[in-house]
Number of protein chains: 2
Amino acid sequence: RTTVWRRGPRTCCPAITSTETQCPIKHCFLFIFADLLPAKNGEEPTMQFLLEFVEILTNYIRKTFDRSTKVLDFHHPHQLLEGMEGFNLELSDQPESLEQILVDCRDTLKYGVRTGHPRFFNQLSTGLDIVGLAGEWLTSTANTNMFTYEIAPVFVLMEQLTLKKMREIIGWPVGEGDGIFSPGGAISNMYSVMIARYKFFPEVKTKGMAAAPRLVLFTSEHSHYSIKKTSAALGFGTENLILLNTDERGRVIPADLEAKVIEAKQKGYVPMFVNATAGTTVYGAFDPINEIADICEKYNMWLHVDGAWGGGLLMSRKHRHKLNGVERANSVTWNPHKMMGVPLQCSAILVRERGLLQGCNSMCAGYLFQPDKQYDVTYDTGDKAIQCGRHVDIFKFWLMWKAKGTVGFEQHIDKCLDLSAYLYNKIKNREGFEMVFNGEPQHTNVCFWYIPLSLRGLSDGEERRERLHKVAPKIKAMMMESGTTMVGYQPQGDKVNFFRMVISNPAATRSDIDFLVEEIERLGHDL
Amino acid sequence: RTTVWRRGPRTCCPAITSTETQCPIKHCFLFIFADLLPAKNGEEPTMQFLLEFVEILTNYIRKTFDRSTKVLDFHHPHQLLEGMEGFNLELSDQPESLEQILVDCRDTLKYGVRTGHPRFFNQLSTGLDIVGLAGEWLTSTANTNMFTYEIAPVFVLMEQLTLKKMREIIGWPVGEGDGIFSPGGAISNMYSVMIARYKFFPEVKTKGMAAAPRLVLFTSEHSHYSIKKTSAALGFGTENLILLNTDERGRVIPADLEAKVIEAKQKGYVPMFVNATAGTTVYGAFDPINEIADICEKYNMWLHVDGAWGGGLLMSRKHRHKLNGVERANSVTWNPHKMMGVPLQCSAILVRERGLLQGCNSMCAGYLFQPDKQYDVTYDTGDKAIQCGRHVDIFKFWLMWKAKGTVGFEQHIDKCLDLSAYLYNKIKNREGFEMVFNGEPQHTNVCFWYIPLSLRGLSDGEERRERLHKVAPKIKAMMMESGTTMVGYQPQGDKVNFFRMVISNPAATRSDIDFLVEEIERLGHDL
């Protein structure tokens, strides 16, 4: 049977069923699902389907990097749910034709957000690296699982070598230590607290929190909310997570940490864990690790460095001093899927002391980790994880490292930090712009208010604050409706809504920074 | 500048540097990393690179389904680490040429395991669905994050609709309830315990486990080890996880549950959570949910059903009765990446009561979940998760559902169960085979020993047990060395190593089952 691929309008064949390959209305031939591999003789249709499909993806990629393309084509949830131009999200009992599947794919991309667009600045993870993308395509084609060497020999070794390299870059002697890739920074941070607890109170593993005294954890008021989620999840309780004061730049004040440690001890609590953030989410601040490490050593506390966002700076000879002292940490979170531009998900938890990760999490399930295999089973990593099945997150990162070299990552990071300095210098004295804190940002985060004309004469006070609070959301909404660019905003502490610009997108240039500034002015001037 | 793609031996250009596009030795043109998008004029090289790359992947796919191809080309860790035929896993400072990147990709696939091969039966997740694969390629091209509607509008809605459909299939009225996709069954099970604790002792979120009495959890001795990992991680302690006895088929004995609940209460502990497994990892047993639900209601305990492996049977009108009572569960884990053939990772935690997931995990981070957005922010799902960034796991599943329809999943599941019945009937009375338990398996798990000729005359006793224990590992090692097929083995309780055959691979046919049986005989006959 020869089937011929037809590219018609989607409305052509509403009556097609799962067993037909010929359209009953227009009598053209169609591919249906059953034709694809592993069906007998499925090779040709599969290759044609995949090529057709890849054409959709490559067109999308091409347009993503084209500045005349919108960043997004915004629609409200109810609009998409009602079905835009026939794009039907509902699932049904009967199969669709492969032709329709391709249309669904086009529509999915059409109504999504182009996170690789040169003017997408909305998140810490932006950009679309082509080698990383290829890595992810290969990963899904290999479709395997990290838990044993048996079914992921190459990936397990790549993970091991890459983690070692990361530990060397952190500065642990000869890259000693341990680590694992996890599904994101929040889970990596969760690992750090689990391991710390296991180190100090190993009996909690078997007896529960009742076996430990009242334990307290410390983190910056500016730190990522995953530390708080972890305190709740692991049974510490959010009240036993003590927030540390920061200076005006969002960096932890070490004296405040020491005072709070002493206070906790006086109450009879046991200070156990300190999280120092390397690159806070909003300000991009780097906590002073060395001073925090001194206090951790003095009071015998675990030092974790959350470098989910700032860890990437370790790749740069120019900027890595911002993490000075990181080699004194007991554990480090580092997300290559943020500053290093690796496709989502790619996050590592790195641990200085070997054996803790295994000790903390191993349950020795006989059906998975058989000691009598024919190869060296120390390469089976699954029992270190809190997961059983674990997605292969390493390959895209490894492949990008091969393609860029360490120097390529360094260039990317230096370029992004240069761009943020350019933005900072452009707006720090520009009319209508007001910086949230003074001085050049430590990371690529540039935090600022845009002051519409109508607010510029107003003196500082409740009215100005209230009105200013509404400006960023309004500009953002217009930005999204027009689809020209995207940047995040939020309040922080007593500061009303301000824009947080971040640059991790390798496609961004100075002209895109100029565009953003002018776009904010265009949209916000008359508010 | 015109660059010409060259396919030469990898040894051609050892001297190429990151800034050259011409090979200094053979003077051919090469693509280097810097040529790809977002580089200026990077379109053409990018498209060529991706097409070349897709050819590698499609060749791999073609061969994966070809039974004359090996399932794997086994090498020991030290062999791969030493560098097989120039395949160098080490990372370096300088970039490689794109040509070398393509060679690395070929090598990565060459030394990996073909989990989609018709004769790969090693894991619960097998097979390579072409539409699911396309879904994953699109997902990585879109490269976004599930935490807000803002940056994943289509995917967030797909997740919502798909979860509702799954809840309808479970049998919760009009699909009411809540849920989220998580990075795997272990994390989904972790959610269930967290939510149960929040339901009964919400103050643990803020005050920690000290705010609750001594809580105990119950699960089958045959259940997945993630329940034990979760008990350790969340601060309950593994000693407070009480293992339930099972019948000879591996199903929980309800009377044992009730007796242990009463015993725990008598000790002053609080029984809080029961996990019933729908499809155990080794035997494929389905715990009797209705009888367990009766006990949970009587003693006011949370009922979780771990259907990571068996949940897929809900799609089959013929087999869903095995999960009768699942609609009485408070939460259900269901991994489409196992029995339903969706590429890794794809796991859902479904919760009957709305609001608990949010209440349990929300921390209301102002910088991510701004209440003053222009759209309905109830669609922002991030604060329900213990993760912050969350990979898009829904699209491939949604796309497969579109392509297959509910009926397509049903056909797949029925076919796999038919195949396992075929295997069971083939070997149950076959010379040299011995079943681990009597009767037709409930799931596709078929557990058996192969008895080599030399052991057949031996009477039951310690010597036979010891020798039999070594048979499966030996056969497995030979299987892997010859690369012809892969099937798992493990001990369980007092049973020595036996094979656990599972069928979830859509490519498998009766001839592959025949092959497996004959291959085991061929390799094991003379042991």
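A few remarks follow.
- Euclidean distance of C-alpha centroids, region A:194-270 and region A:454-507, integer Å: 33
- Solvent-accessible surface (1.4 angstrom probe) belonging to A:Lys228, in square angstrom, nearest 10: 90
- Prolate/oblate/rounded label for region A:402-524 (Cα gyration tensor, a/c 1.5): prolate
- Chain B, closest residue to the rotation axis toward A, by beta-carbon, whole angstrom: B:Gly235, 1
- Residue (of A:Gln358, A:Ile187, A:Phe286) at the positive-pole extreme of chain A, dipole from beta-carbon charges: A:Phe286
- Entry for region A:105-249 at q = 0.09 Å⁻¹: log10 I(q)/I(0) = -0.47, Debye formula applied to identical alpha-carbon scatterers, no solvent contribution.
- Nearest-10 value in Å² for the accessible area of A:Tyr283, using the 1.4 Å probe: 10
- Heavy-atom SASA rank of B:Asp178, A:Asp247, A:Asp376, B:Asp494 (probe 1.4 Å, accessible area, largest first): B:Asp494, A:Asp376, A:Asp247, B:Asp178
- Between copies, the label points of B:Glu431, set 7 Å from Cα on the Cα→Cβ line, lie 10.0 nm apart, reported in increasing order to one decimal in nanometres.
- Debye intensity ratio in log₁₀ form over the Cα atoms of region A:412-471, taken at each q of 0.30 Å⁻¹: -1.22
- For region B:88-142, the set of GluC sites (Glu not before Pro) satisfying both a DSSP loop assignment and a count of at most 15 other C-beta atoms within 10 Å is given as B:Glu90.
- Under the combined filter of DSSP loop state and at most 11 neighbouring Cβ atoms within 10 Å, region B:224-297 retains these GluC sites (Glu not before Pro): B:Glu248.
- Annotation for A:Arg354, label-to-label distances across the other copies: 5.4 nm (shortest first, one decimal, point 7 Å from Cα along Cα→Cβ).
- Sorting A:Leu468, A:Leu51 by solvent-accessible area of protein heavy atoms yields A:Leu51, A:Leu468, largest first, with a 1.4 Å probe.
- In this Cβ point-charge picture (+1 for Lys and Arg, -1 for Asp and Glu), the protein assembly as shown has a dipole of about 360 debye about its Cα centre.
- Out-of-range pairs (alpha-carbon distance over 29 Å; input A:Lys207/B:Lys199; B:Lys228/B:Lys265; A:Lys207/B:Lys298; B:Lys265/B:Lys338; A:Lys164/A:Lys322; B:Lys205/B:Lys265): B:Lys265/B:Lys338
- From helices alone, chain B scores -12000 deg cm²/dmol at 222 nm; the rule is -39500 (n - 2.57) for each run of n ≥ 4 DSSP H residues, then divide by the residue total.
- Long-range lysine pairs (8 or more apart or interchain), region B:379-527, Cα under 19 Å: 7
- The GluC sites (Glu not before Pro) of region A:406-491 meeting both criteria, a DSSP state outside H, G, I, E and B (loop) and at most 14 other C-beta atoms within 10 angstrom of the site's C-beta, are A:Glu431.
- For B:Asp460, label point 7 Å along C-beta direction: distances to other copies, nm: 8.6
- Once all protein chains are placed together, B:Leu453 keeps about 90 Å² accessible to a 1.4 angstrom probe.
- Cα-based equivalent ellipsoid, region A:36-181: semi-axes from gyration tensor eigenvalues, Å: 35, 25, 15
- Dividing the convex hull volume of the alpha-carbon atoms in region A:193-311 by its residue count gives 92 Å³ per residue.
- Solvent exposure, largest accessible area first (probe 1.4 Å, DNA, RNA and ligands not counted), of A:Arg197, B:Arg328: B:Arg328, A:Arg197
- Region A:158-392 shape via C-alpha gyration tensor axes, a/c threshold 1.5: oblate
- Spatial separation of Cα centroids for region A:368-437 and region B:273-316, in angstrom: 39
- A dipole drawn for chain A from +1 and -1 charges on Cβ atoms has a positive end, and of A:Phe147, A:Pro254, A:Thr115 the residue lying farthest that way is A:Pro254.
- The charge dipole of region A:277-324, taken about its Cα centre with unit charges on the Cβ of Lys, Arg, Asp and Glu (plus for the first two, minus for the last two), comes to roughly 320 debye.
- Whole-percent pair-distance distribution, where bins are 10 Å wide, for the alpha carbons of chain A: 3, 16, 23, 24, 19, 11, 4, 1, 0
- Pair-distance distribution of the protein assembly as shown: all C-alpha pairs, bin width 10 Å, starting at 0; shares per bin in whole percent are 2, 11, 20, 25, 22, 14, 5, 1, 0, 0.
The values are calculated or read from the model by the stated rules, or taken from the named source; none is laboratory data. Treat the numbers as computed from the prediction; the structure is a model and nothing was measured. Neighbour counts run over all protein chains shown; Cβ positions are idealised from the backbone, glycine included. We work out accessible area using only protein heavy atoms, side chains counted, and drop any ligands, DNA or RNA first. Shrake-Rupley method; radii C 1.70, N 1.55, O 1.52, S 1.80 Å.
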